[in-house]
1. What is the antiparallel percent of DSSP beta bridges lying wholly in the chain, to the nearest 5?
2. In segment 181-251, which chymotrypsin sites (Phe, Trp or Tyr not before Pro) are in a loop and have at most 15 other Cβ atoms within 10 Å, using DSSP for the loop call?
3. Starting from the Cα of Arg75, step 7 Å along the direction of its Cβ; do the same at Leu23; then give the gap between the two resulting points in nm.
4. For segment 54-106, which trypsin sites (Lys or Arg not before Pro) are both in a DSSP coil and crowded by at most 15 other Cβ atoms within 10 Å?
5. Can you work out the FRET efficiency for the pair Arg341 and Ala127, with r the C-beta to C-beta distance and R0 = 35 Å, to the nearest 0.05?
6. Relative to the longest principal Cα axis of the chain, at what angle does helix 203-212 sit, 0 to 90 degrees, rounded to 10?
7. Of all DSSP beta bridges located in segment 4-111, what percent are antiparallel, nearest 5?
8. Round to the nearest 0.05 the FRET efficiency obtained for Asn333 and Glu82 when R0 = 30 Å and r is the Cβ-Cβ distance.
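The values are calculated or read from the model by the stated rules, or taken from the named source; none is laboratory data. As the structure is a computational prediction, the values presented were derived from the model and not from experiment. Cβ placement follows ideal geometry from the backbone for every residue including glycine, while neighbour counts extend to all protein chains displayed. SASA here: full protein model, heavy atoms, side chains in, ligands and nucleic acids out. Shrake-Rupley method; radii C 1.70, N 1.55, O 1.52, S 1.80 Å.
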Amino acid sequence: AGCQIPAGVMAAAFQATLLNAPLKDPGLFIRLAHERRALQFDLGDISALAPRDALKISHVFVSHAHIDHFFGFDRLLRLTVERQKQIHLFGPGGFINHVQGKLDGYLWNLLGPQSQSLVLDLTEVDAREMVTMRYRCRNGFGPAAAGRREPFTGSLLEEPNFTISAEILDHGTPCLGFALQERFRINVLNEGLKALGLRPGPWLQDLKKALYGSVTADHEFVIPSDYASGRYRFTVGDLAKRITRATTGQKIAYVTDIAYSEKNIARVVRLARNADHLFIEAAFLDRHRHLASVRHHLTAQQAGTLAAMAEVKRVTPFHYSARYGDCPEALANEVQAAFKRQRP
């Protein structure tokens, strides 16, 4: 069993930022604190993302392949194609064919064994299973002979410190909603470090990995002597008790391009339940709900109501229809009004 550590408080481990204004294309960039990588939800216009940040992306979660959610794939590919890098991409049924079509649209005759080994792992999700195919830059992005199949249980990615889950929603086509859930937060206490004569350093990340992993409390942990003025050998459990505190993990949910139907409502509430922050589309004002219904989108009032039903702590609307270019604040106000009015 993993170590049990006392409750406490720490800064957010995930910093989520919408790349564009609400009237522009969707895209949520999530920095992983203390790691040189990031996650990306949707690939609309990502030109606002600095190349150094785009190069940190290790996993991309695409709700669906409509152009405003996916044409940024080309920019991401352009920035990474000459890099030694692996990127995992997830999308709904048909996603592998959509990516393959983009890759087939370019000429790769100059690639070969000497090329940098960019690797794309593509996973498409349906109600029953996930299928993953691997594409390598070195062979002109030709797919592997066979893919990997596994049951879809709701989870897309499981790492020691967080998970990514998904719900299959309806937008007139399958569309994925996503939730990032941190397992728990670890905060390092400066007072604890000083009391033991320890200095911060890379070893703290090793300690956090041990706490997120499956090591036992009596597992020995050795601190490099450069960072310890006295004792430098501890058990993981003893060291954690002295210099760390933990609290409930952060949760971020992302939902866009869905119809306001009973199935979608139930699935969004389940996905976003108790999220610290819900990012949700609000395409139309509620007085235009007939247009929202025809186009399988949410109104701002519906978005706020869903946020309240899921009992999230904070809601941020995005993906407004261009018809509200002169009054985008009306959508934001309608979301917040419904959210406050409907909250338990």
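1. On the way: 46 of 70 bridges.
Antiparallel bridges: around 65 percent, rounded to the nearest 5.
2. Numbers: sites: Phe184, Trp203, Tyr212, Phe221, Tyr227, Tyr232, Phe234; in loops: Tyr232.
Answer by residue number: there is no such site.
3. Each label point lies 7 Å from its Cα, and together they span 1.9 nm.
4. Those satisfying the criteria are Arg83.
5. Details: r = 34 Å, r/R0 = 0.97.
E(calc), rounded to 0.05, equals 0.55.
6. 70 degrees
7. Restricted to segment 4-111, the bridges split so that about 55 percent are antiparallel.
8. Values: r = 46 Å, r/R0 = 1.53.
That gives a FRET efficiency of 0.05.
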